[in-house]
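Comments concern the structure below.
Read-outs: derived from the displayed coordinates by stated rules, not from any lab. Only a predicted model underlies this, so the values are computations on that prediction, with no experimental measurement involved. Neighbour counts run over all protein chains shown; Cβ positions are idealised from the backbone, glycine included.
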Amino acid sequence: MRRLRVTIRGAVQGVGFRPFVYRLATEMGLRGWVNNSPQGVFIEVEGPNESLETFLLRLQAEKPSLSFIQSLEYSLLEPAGYDGFQITPSKATGERVAVILPDIATCPQCLDELFDANDRRYRYPFTNCTLCGPRFSIIRSLPYDRANTTMASFAMCPDCRREYEDPSDRRFHAQPDACSVCGPRLALLDAQGILLAGDNDALRQAADALREGRILALKGMGGFQLLVDARNEDAVQRLRERKRREEKPLAVMFPDLLSLRRYATVSPLEERLLASPESPIVLLERLPDSDIAPSVAPGNPYIGGMLPYTPLHHLLLRDLGFPVVATSGNLHDEPITTEEADAVASIGSVADLFLTHNRPIERHVDDSVARVQLGREMLLRRARGYAPLPIAIKRTLPPLLAVGGHLKNAVAVSRGSEVVVSQHIGDLETPKAHAAFCKVIGDLLSLYEVRPLAVAHDKHPDYLSTQWARASGYPLIAVQHHHAHLASCMAENELEGEVLGVTWDGAGYGDDDTLWGGEFLLGDAASYRRVAHFRQFRLPGGEAAIKEPRRSAIGLLFEMDGAASFDSNQLRTSDGPQFADSEARLLRQMMAKGVNSPVTSSAGRLFDAVAALLGIRPLCSFEGQAAMMVEFLAERGVEDGYPFELRPGDPLVIDWEPLFRAILRDRERDVAASVISARFHNTLAEIIVAVARETGAKRVALTGGVFQNRYLTERAYRRLESEGFRPFTHQRLPPNDGGIALGQIVVAATQID
Ligand code: ZN
Ligand code: ZN
Ligand code: FE
C-alpha cells in the first residue's frame, strides 16, 4: 500500500480533468482526492503499488482530449488512510506565487504543424505554443511577459499578433510565439564562426555534415549540444578525443520511439518518461547487436536514450533518420555553453560546424537524466523539464539559501512551504563552473525575490561552495554532508520523527574531521546520531583516490595486513601489477606515517576497492566510474553473500575484513567476477538490514550517490521490506549530491527555529 501524489501543470483547467480523475480513481477502486489550484492540479490516490503504476499510465494515456500536460511529477508516500474518493474544493487561497515553468518538449499539435506543408509554420524550427516551448531558459525576470524574455527583441508580425491576442487560439498569450516571418532564425557557422548558410539551407547542410561523420554543435534549448552520427565509430571517437572525455557514456537522441526500440528495451514507465513533456535522457537496457558505435558507452549495458524535444531537433532527426550522439557542448565537464561567441571559443576545437540561432539563452539548462528502478522514476540529474519546479515541504520555512556540495552541485532557495532547487550546475572544479554557480545563485535570489536569513553550506571547509558562503556576508549555518542527504530524503518523503539514514557516497566531511561516506545516521532534520559506520581505512593521496580505485584497494589491504600487504602482490590486472615497486614503496611510507592519507569510512571507496581487486579498474576517468563497472558486472540470480562483522560500540563499526578476505579467496579460486560482484552487493544489502535491526529503527532512508546503483538499491529495498522495515528512496531529486541543497535548507530551518 502506498499513497501516490501527482502534481500536474498544463492545460488541465476547464477541460474536464477533475471529473476524469474522479472516474478513473473510483473505477480502479483507489481512495483519495483531486483538486485544482493556481499552482496546478493535485491528486492523491492510495492503493497497492501495481494499481498506482497503472493509474499513472492511464492518467497520461486517457486524459481528456483538450487537456495537455506540461509537467507531471509524482511521489510515492506513506498511506494517509483516506476513505472514498473526492473532488475537494479548489484552493483559491495560499500565496499567489508565480510558478516559473521549466522548458517543455514540443506538443503534438505543434509537431503536426511543423510537418504540414500547408501550415504557415511548416518546417519552422522555433514553433511553440502556450502548451510547449521554452520557458525557464528564456525568462529574464517576472512577470512572465514577452518583454521580460529573450524574445523581447522580436516584434510579432500581424499573423502572430492575431493569434497572441485571440482568446480562442492555442497561442493566446504564448510569450515566445513566433514564425518564420518575425521570429528567430537559423544560421550555420564554421568552426571559426564564419556564416555559411541560413534557415533551411543551414539545416540541410548541418544534416549533410552529420551524415558525413562530422561533429555539429547545435544551439538547443538550454545550451549547445555536440551531435555526431551515433553509428559512426570513427566520428564518435573523434568527438571523445576532442572533447577530452575518454569514457563517460554519451547520450543518444533517436528520431522516434519506434527507432529507439530497435536499440533498447523500453518498459511502459520508461516510455512514459521518454515521451513526457520533461523528455529526459533515460538509461535503458540496450539490445545486443545494434549498430550503435562501441565508443558511445564502452562496457556499458545501458544506453542513455532520449527523443527530440524541440522543433529543431525534430526537423534534424527526421531528415537524418538515424540516432545521433547528443552530449553537452562543453570541455571536460564544465557547464553547458549558451552563447555563440563563447561556444566558438570553447568548443570550436571540438565542433566542425555550428548550427545556431538568434534567440538568446538566458540561463544554462542541461538535459535531465533519469532511470527507472523499483518500478518508479529516479532522477540522476535534474535540469531541463524539471527545474525550477518547487518541491513542496510539509512545514513553512524561513527564507534561506543553500549552496549545495562540491560535485554535481545544485543550489536551492526556500520561500513559504516550497523549496526551489536549481538546475544541475555540475562539479565546481573549474573557473567556468564557479562562474555558473555564482550566476545561478544570483538568478534564484532575484527571480524569486528571496532575501535569505542565512546561507546553509556543507561543513567541508575547502568546498568552493563553502568559501562562497563565507565570503557572502550572510549569517552561516554549516550542515554536515550526510545529515543533508538524510534530511533531503526525509523531506521528499514527508517523513517526521526518527529515521535511519543509510547515507552512502564517495565522501563527505565528517564531524570528526575524517572523510565519511559509509554512515548510518539516526535522526531527523533537527539532529542525528552516527549510529554505525564502516571500519575506516587510509586513502593514500587523499583526493587522488577518486580516480584511482587501486589506491582504495591498497588502503584496505594495508588496514588488514599492514606492510605485509605490499609483498603479497594482490593487486594485479592481466597486464601485471597495478603499482610499480617504487610507487608501492611511496604509498606504504605515506600510510605508515599517516602523511597525506586521510582515513575514510566511505562506501563508494569500497566499490572502488572491489573494482581494483577484480582487476577491472585500477584507474578511472571520472568519479564513480569504477563503482558503475562493478554494478554492471553483478550477475542476476546469485543469492548468497559474504560474511561481515558488526563490532559492538557506539557507533557500531561494520568490519568489512571478513567480506574482503572472502573476495580474495573467491578470486584465488577463479570465481567469476560477475559472481563476486553480485555477492558483494548482496552483502551490502544484508549489512543494511543487520544495522537497521540493531538500531531498532523501522523506517530506513537510502540516500547518497551509492544509491544510484540499481542492483544495490533494489536489493536493499526488497530485503528491508521483507524484514518488516519501511525503506524510502529519493523521488524528485537525485540521491547524489544534486539532492543535498534541499536537505541543507531543511536542516538550517530547524536551527533558525
Ligand atoms: Zn505546442
Ligand atoms: Zn510571426
Ligand atoms: Fe554526498
request  = Take the cross-link list K248/K432; K248/K698; K63/K219 and give me the ones stretching past 28 Å between alpha-carbons.
outcome  = K248/K698; K63/K219
task = With only Lys, Arg, Asp and Glu charged, each at its Cβ (+1 for the first two, -1 for the last two), find how big the charge dipole of region 2-87 is about the Cα centre; round to the nearest 20 debye.
result = 240 debye
inquiry  = With just the Cα atoms defining each centre, how far is region 661-702 from region 252-266? Give it in Å.
reply    = 35 Å
ask   = Under a point-charge model restricted to the Cβ atoms of Lys and Arg (+1) and Asp and Glu (-1), what is the dipole moment magnitude of region 485-634 relative to its Cα centre, in debye to the nearest 20?
value = 740 debye
Cα-centred dipole magnitude for the chain, charges only on beta-carbon of K, R (+1) and D, E (-1), debye, nearest 20 = 680 debye
ask   = Where the centroid of each part is defined by its Cα atoms, how far is region 352-424 from region 45-124 in Å?
value = 19 Å
note = Per-residue Cβ contact counts at 10 Å, fewest first, order H357, H313 as H357, H313
message = Give me the percent relative contact order of region 186-369, please, defined on Cα pairs under 8 angstrom at least 6 residues apart.
response = 36 percent
task = Restricting to region 444-527, compute how many DSSP beta bridges are antiparallel as a %, nearest 5.
result = 65 percent
Among I425, P643, A209 the positive-end extreme of the charge dipole of the chain (Cβ point charges) = I425
key: Radius 11 Å from Cβ of E559, net charge of other residues (Lys, Arg +1; Asp, Glu -1)   = -1
remark   = Percent relative contact order for region 2-87, counting Cα pairs under 8 Å at least six residues apart, stands at 51 percent
task = Give the distance, in whole Å, between the Cα centre of region 468-511 and the Cα centre of region 584-652.
result = 24 Å
Positive dipole terminus of the chain, leading residue within G738, V15, A251 (C-beta point charges) = V15
Stokes-Einstein diffusion coefficient of the chain, Kirkwood radius over Cα pairs, 10 °C, 1.306 mPa s, in µm²/s = 59 µm²/s
query = Among bridges DSSP assigns within region 2-87, what percent are antiparallel (round to 5)?
reply = 90 percent
key: Extension reserve of the Q13-E714 stretch, reckoned as 0.36 nm per residue once the Cα distance is removed   = 248.6 nm
request  = Compute the acute angle (0 to 90°) between the alpha-carbon long axis of helix 49-61 and the principal axis of greatest extent of the alpha-carbon atoms of the chain; round to the nearest 10°.
outcome  = 20 degrees
request  = Please give, to one decimal in nm, the separation of the simple spin-label points placed at F172 and D512, each 7 Å out from Cα toward the Cβ.
outcome  = 6.6 nm
ask   = Once the dipole of the chain is set up with Lys and Arg at +1 and Asp and Glu at -1 on Cβ about the Cα centre, which of Y302, Q86, M378 lies farthest towards its positive end?
value = Q86
remark   = Listed with the fewest Cβ neighbours within 10 Å leading, T396, T310 appear as T396, T310
inquiry  = Can you sort E429, E241, E559 from fewest to most other Cβ atoms within 10 Å of each residue's own Cβ?
reply    = E241, E429, E559
ask   = Where does region 2-87 land on Rg/Rh, using Cα atoms and the Kirkwood Rh?
value = 0.92
message = Please compute the contact order of the chain in relative form: average sequence separation of alpha-carbon pairs under 8 Å and at least six residues apart, divided by the residue count, as a percent.
response = 11 percent
